[in-house]
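Input: a single structure, listed below in structure tokens.
Quick note: the coordinates plus some simple rules give every number you see, no bench work behind them. All figures in this text were calculated on a predicted structure; none of them were measured in a lab. When we count neighbours, we look across all protein chains shown, and the Cβ atoms used for this are built from the backbone with ideal geometry, even at glycine.
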Amino acid sequence: MPFESGLRCGEIIDNSRLCAIFGCGPQGGMRRSLSSNTLVLVSNHVESIYDDRWIDGVLHYTGMGKTGDQSLTFMQNKTLKESSENNVEVFLFEVFSEKEYTFIGRVCLVDVPYQEQQPDELEETRTVWIFPLGLVQGQPFAPNQALLGKLAARKEKFAETLSEDDLRRRAEAAHSRTGGRVVTSVARERDPWVSAYVKRLANGRCDLCDQAAPFETKNGLPYLEAHHVEWLARDGLDVIENCVALCPNCHRKMHVLDTKPDRRKLQAVILRRLDSRGGATPGESRGTASFNRDGRRIPAIENAN
Ligand SMILES: [Zn+2]
Ligand SMILES: [Zn+2]
């Protein structure tokens, strides 16, 4: 008999109620309950070191193991991998603000797990397993745009504490996660590491007019805005090869005029930056054009329009 949680999608409960309903332990992102024969997954966007993300209705969920390479035979990674055969029902919660568990619904594997690189707890790059999960029924929960903005701001703050190398590794990993989730507003979800990294590289100066940032933030950092040369709204990629840091005037100018000379200048800035750093991902840069992991071409100077 299927497990009945009595929860509806979007309902927010606390951790003790979650444990009481499912009969699982109070900790971790993957909690096995023998009494209800369920596996409860918690995608914690506030505290977790993992970069879980939704792409076209599928949650790409990172497995267990906080340091070193993750293993598919390790504890609940194994349970989740075998969930289509072992009769364990899988339920998903997301955490968008501290101690608030938003019930998303019952999920199942919709594709084979795959591997990617993510930083571990000690900021060491390691291999993790990603489980593509889809809802068994219904639509993915659409969180409030303001809430996602708050989460991005939190990550940007954390980004300020990272070294340039650590920040670059996180920003480069965005190659494998272009996409977005439906939010209750029009804007797309952006990768906070990409925007933080291009701002760091700009070193306080606008990539278009070369002038110093007009003011400092409350944290004493030069105020610049991340801009995508190929707009996200026009299917541009949210990766460092398509992103620059602009002063507010130039940013507005790009969205109002978007002239060819300005685009060329920004693309040249990006190329120069990649050249001086030996490309975004070694081996993936071919000539002056780059390709992401899906083989999609990333805008470079000669395919400018
Ligand atoms: Zn400017
Ligand atoms: Zn922009």
What 222 nm value per residue comes from the helices of the chain, counting each DSSP H run with n ≥ 4 as -39,500 (n - 2.57) and dividing by all residues, nearest 500 deg cm²/dmol? -7500 deg cm²/dmol
Fraction in percent of alpha-carbon pairs per bin - 10 Å, segment 12-135: 14, 47, 35, 4
Going Cα to Cα from LYS150, which aspartates and glutamates come in below 14 Å? Please leave out same-chain ones fewer than 8 positions away. GLU47, GLU98, GLU189, ASP191
I need the peptides 126-132, 105-111 ranked by packing, meaning the mean over residues of other C-beta atoms within 10 angstrom, with the highest value on top. 126-132, 105-111
Sorting check: for 197-206, 16-25, which peptide has the highest mean count of neighbouring beta carbons within 10 Å, and how do the rest follow? 197-206, 16-25
Rank the residues GLU85, GLU47 as a footprinting-exposure proxy: fewest other Cβ atoms within 10 Å of their Cβ go first. GLU85, GLU47
Need the full-extension length gain, SER16 to SER71, defined as separation in residues times 0.36 nm minus the C-alpha distance. One decimal, nm. 16.9 nm
How far apart, in nm, are the 7 Å Cα→Cβ label points at GLU216 and GLN27? 4.1 nm
The answer for the net charge of residues other than GLY68 whose Cβ lies under 11 angstrom from its Cβ, with Lys and Arg +1 and Asp and Glu -1, is -2
Can you give the relative contact order of segment 1-131 as a percent, counting alpha carbon pairs under 8 Å and 6+ residues apart? 28 percent
